[in-house]
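Presented below is the structure to which this report refers.
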Amino acid sequence: MSEMFGNFFRVMGEVIERFEGHEANRLGDGSLIYFGYPRAQEDAAVRAVLAATALVNEIRERVVDPEGNAVGVRVGIASGMVVVDHANERSVFGDTPNIAARLQGLAGVGEIVIAESTKALIRDVVEIEPLGPHALKG
């Protein structure tokens, strides 16, 4: 398991770096990734979606569990204002990280679920499939 998680986070790190994201927090097999921080990026939402797509594909192709089965990921993405505590980047304030976490919970293995706030920023660049309305906890 240690080898699998090491490989998983290595591949994830490569993908996030390629799209200029910033890993802010890791808890178990989950991770909070920022785009547009610490340096603002006008195309942060597009980068997040492209990184998520690459992550889903590369994890599936390059990471296997101890039995040799492909590993899958689920991704939730939300865009919006977030306040980051520079003394502790894991401390963030705002609805956006919470919405992203709830959306990740809606995603199936190998799926990326995005918020309406992100959809508005990427609709001309990425093809999306509506899932319909969902009530999110909290």
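The values are calculated or read from the model by the stated rules, or taken from the named source; none is laboratory data. The model shown is predicted, which means the values in this text are computed figures rather than measured ones. Quick reminder, even Gly has a Cβ in these numbers, built from the backbone with ideal geometry, and neighbours come from all protein chains shown. In case anyone asks, the SASA skips ligands and DNA or RNA and just uses the protein heavy atoms, side chains included. Shrake-Rupley method; radii C 1.70, N 1.55, O 1.52, S 1.80 Å.
Given the alpha-carbon gyration tensor of the stretch 75-138, what are the semi-axes of its equivalent ellipsoid in whole angstrom, ordered largest first, with each equal to the square root of 5 times an eigenvalue?
Values: eigenvalues 102, 40, 23 Å².
For the stretch 75-138, the ellipsoid semi-axes come out as 23, 14, 11 Å.
Filter the GluC sites (Glu not before Pro) in the stretch 1-103 down to the DSSP loop ones having no more than 11 other Cβ atoms within 10 Å, then list what survives. Write down the numbers at each step before the final one.
Numbers: sites: GLU3, GLU14, GLU17, GLU20, GLU23, GLU42, GLU58, GLU61, GLU67, GLU89; in loops: GLU20, GLU42, GLU67, GLU89.
Listed in order of number, the matching sites are GLU42, GLU67.
Charges at C-beta only: +1 for Lys and Arg, -1 for Asp and Glu. How large is the resulting dipole of the stretch 13-129 about its Cα centre, in Debye rounded to 20?
Values: 11 positive and 19 negative charges, 37 e Å.
Using only the charged Cβ atoms, the result is roughly 180 debye.
Return the loop-located trypsin sites (Lys or Arg not before Pro) in the stretch 67-119 (DSSP other than H, G, I, E, B) with at most 10 other Cβ atoms within 10 Å of their own Cβ; answer none if there are none.
On the way: sites: ARG74, ARG90, ARG102, LYS119; in loops: ARG74, ARG90.
In loop regions of the stretch 67-119 (DSSP not H, G, I, E or B), there are no sparsely surrounded trypsin sites (Lys or Arg not before Pro).
So how compact is the chain: Cα radius of gyration and Dmax in angstrom?
14.8, 42
Considering only C-alpha atoms, what is the centroid distance from the stretch 1-27 to the stretch 87-138, in Å?
First find each Cα centre; the distance between them is then 19 Å.
Starting from the Cα-Cα distance between LYS137 and LEU27, subtract it from 0.36 nm times their residue separation and give me the gain in nm to one decimal.
Details: separation 110, 0.36 × 110 = 39.60 nm, distance 2.01 nm.
Value of the extension gain: 37.6 nm.
As an exercise, identify the trypsin sites (Lys or Arg not before Pro) in the stretch 9-60 lying in DSSP coil whose Cβ has no more than 14 other Cβ atoms within 10 Å.
Numbers: sites: ARG10, ARG18, ARG26, ARG39, ARG47, ARG60; in loops: ARG39.
Filter output for the stretch 9-60: ARG39.
Taking the solvent-accessible surface of protein heavy atoms with a 1.4 Å probe, what is the per residue accessible area of the stretch 1-90 in Å²?
59
Just name one of HIS86, GLN104, TYR34: the one whose Cα is farthest towards the positive end of the charge dipole of the stretch 32-138 (beta-carbon charges, Lys/Arg +1, Asp/Glu -1).
Comparing the listed Cα positions along the dipole, HIS86 ranks first.
List, in order, the whole-Hz ³J(HN,Hα) value for each residue of the stretch 18-34 obtained from phi through the Karplus relation with A = 6.51, B = -1.76, C = 1.60 and θ = phi - 60°; use x for Gly and Pro.
4, 9, 6, x, 9, 6, 9, 7, 10, 9, x, 9, x, 8, 9, 10, 9
Which distance in nm do the two modelled labels at ARG39 and ARG10 give, with both placed 7 Å along the Cα-to-Cβ direction?
Each label point is offset 7 Å from its Cα along the Cβ direction, giving 2.7 nm.
Ignoring everything except DSSP H segments at least 4 long, calculate the 222 nm mean residue ellipticity for the chain; use -39,500 (n - 2.57) per segment, divide by total residues, nearest 500. Display every interim value, and only then the final one.
Working: 4 runs with 55 residues, N = 138.
Roughly -13000 deg cm²/dmol at 222 nm, from the helical runs in the chain.
For the Cα atoms of the chain, what angle does the longest principal axis make with the long axis of helix 44-62, in degrees from 0 to 90, nearest 10?
The two axes meet at around 10 degrees.
Out of the total accessible area of the chain (probe 1.4 Å, heavy atoms of protein only), what percent is carbon and sulfur?
On the way: 4490 of 8740 Å².
Result for the chain: 51 percent of the exposed heavy-atom area is carbon or sulfur.
Using a Gaussian network model of the chain whose springs link C-alpha atoms within less than 10 Å, name the residue from PRO66, PRO97, PRO38 with the highest mean-square fluctuation.
Highest fluctuation of the listed residues: PRO66.
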